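Visitor: Quick one: the structure is below, questions incoming.
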Amino acid sequence: MLTRAAATSFRAAALIAVVDGTSIKMDFLPIGSARIDPLLNPTCLSDHVHTFYGAKASLRPETTYEDMRNASENSGNTEENMSLYWHPTVYMHDKVRGVYKMADIWFASSYYVWQTGQATAFPNGFNMIAYGSHPKARSEAICDGPSPCERDDCSSADDSFFPSTACAELEAKLVFPTCWDGVNIRSDNMMDHVSYDVEEGRFDADCPASHPVKLPEVHFYFRIKDYQGGEYVFSDGSSTYHSDYFSGWDAVQLQRILDGCSNPSDAAMPDQFCETHLTFRQPKVSGVSTEDDDIRSKLEEIHTVPNPDLRAIVSAEAIDTIAAFPRGACTGSLIPLDHVATPLATPLTGRQQADGGNASSAHSGGRQHADSDTASSAPRLHGVPVPTLLVVSAALAPGLSSL
């Protein structure tokens, strides 16, 4: 049996020949928008509306790591990544009519960038938040194909993030911290347990002594096609991009990818996929990029099951074409969990039948995936079986069926 020192030396020697960086690109359709934040407000409505991507779990304030792992699918193009990503919903301000209308998100992408063999997988249930106000978050909105705004009122009180010009495509970017304290999978503000590096905010830079464990660098992008220009704003009333990440990976499975995949990436690369280590629902070949129009159409081909009606399972409050944003943590009416019907859950795919599904992280505090037979068990929310796509009973919630 190797001693820890010997194992460390062996691992270091094996890394001499690895490439400088490796990356994966995973694409997602939005699941929907609701005024929930399972991390900051796990018992009530959140301060503002968020748009979600990833695991098609029972999206409620109470959503847990186990719910994500038990979801029948995710809104992305890989099977193994059952994480959730969300950000404040984007609204177009129609000043003429005096309303805010939700902007249609075309699709989103999550890139992971790391040095092969030197990054630690996110522990089961790990979560964090990134704010665009931090310079190392490298937040920006990129206007592809700019053109003059043609709306009735093209003025904007703040175009520091959202441009007032029209764009064939607007691409918004944010980068998460890459250093972890090695102990806590969360903190009260979702930031204290993580940190950016001590250099310029790169996947291969050194971590501070307070947060010595190197994580994969997560880049999150969302895209708006045919962006009209004029005034756009996030649902918290600001122009500052922030995003939440709730890992739904099996940590053992992700560690295999981080240790085993290598490709020539010194940044988030659009044509690198680690397709021999991940299950893509449509074939991917590293070195071959895909046009955005084709990415969207392929995602639509994959996902034929309708998204959950979040107004019917979370809150009936209006969140689109509104005169003012619904705001205030733990204000408003959350539909009680016992007012939600429970149809049969959809069996899981084979992603949890991999060896990694049999192990649990020491940091997770969550359930163990005993064997492939557990794949057909019903999703659970705070210990209560619930469906992946929830439907409110009209008898229990009168009037909601007509919303």
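Visitor: For segment 228-292, how big is Rg over Rh, using alpha carbon atoms and the Kirkwood form of Rh?
Guide: With Rh from the inverse mean 1/r over Cα pairs, Rg/Rh is 1.11.
Visitor: Per residue, how big is the convex hull around the C-alpha atoms of segment 33-157? Give it to me in cubic angstrom, could you?
Guide: Convex hull of Cα atoms, per residue: 172 Å³.
Visitor: Among residues other than N41 whose Cβ falls under 12 Å from its Cβ, what is the net charge (Lys/Arg +1, Asp/Glu -1)?
Guide: With Lys, Arg at +1 and Asp, Glu at -1, the neighbours total -2.
Visitor: Which ³J(HN,Hα) values, rounded to whole Hz and listed in residue order, are derived for segment 294-302 from phi using the Karplus coefficients 6.51, -1.76 and 1.60 in 6.51 cos²θ - 1.76 cosθ + 1.60 with θ = phi - 60°, glycine and proline given as x?
Guide: Computed from phi, the couplings for segment 294-302 are 6, 4, 4, 5, 5, 4, 5, 5, 6 Hz.
Visitor: Same structure again: I need the phi-derived Karplus couplings for segment 235-241: 6.51 cos²θ - 1.76 cosθ + 1.60, θ = phi - 60°, integer Hz, Gly and Pro marked x.
Guide: 5, 8, x, 10, 10, 9, 7
Visitor: With every protein chain left in place, what is the accessible area of H134 in Å² (1.4 Å probe, nearest 10)?
Guide: 80 Å²
Visitor: Under unit Cβ charges (Lys, Arg +1; Asp, Glu -1), what dipole magnitude, rounded to 20 debye, does segment 63-170 have relative to its Cα centre?
Guide: 300 debye
Visitor: Can you report the principal axis dimensions of segment 138-276 using only the alpha carbons, biggest first, rounded to whole angstrom?
Guide: Principal extents (Cα only, largest first): 53, 37, 28 Å.
Visitor: Ok, one more. Give me the mean projected area, in nm² to one decimal, of the convex hull enclosing the Cα positions of segment 144-209.
Guide: 7.4 nm²
Visitor: Could I ask something else about it? Counting only other residues whose beta carbon sits under 15 Å from that of S195, what net charge do I get with K and R as +1, D and E as -1?
Guide: Here the count lands on -3.
The values are calculated or read from the model by the stated rules, or taken from the named source; none is laboratory data. Because the structure is predicted, anything quoted here is derived from the model rather than measured. Virtual Cβ from ideal backbone geometry, glycine too; neighbours counted across all protein chains shown. Note: accessible area is taken over every heavy atom of the protein model, side chains too, but ligands, DNA and RNA are not part of it. Shrake-Rupley method; radii C 1.70, N 1.55, O 1.52, S 1.80 Å.
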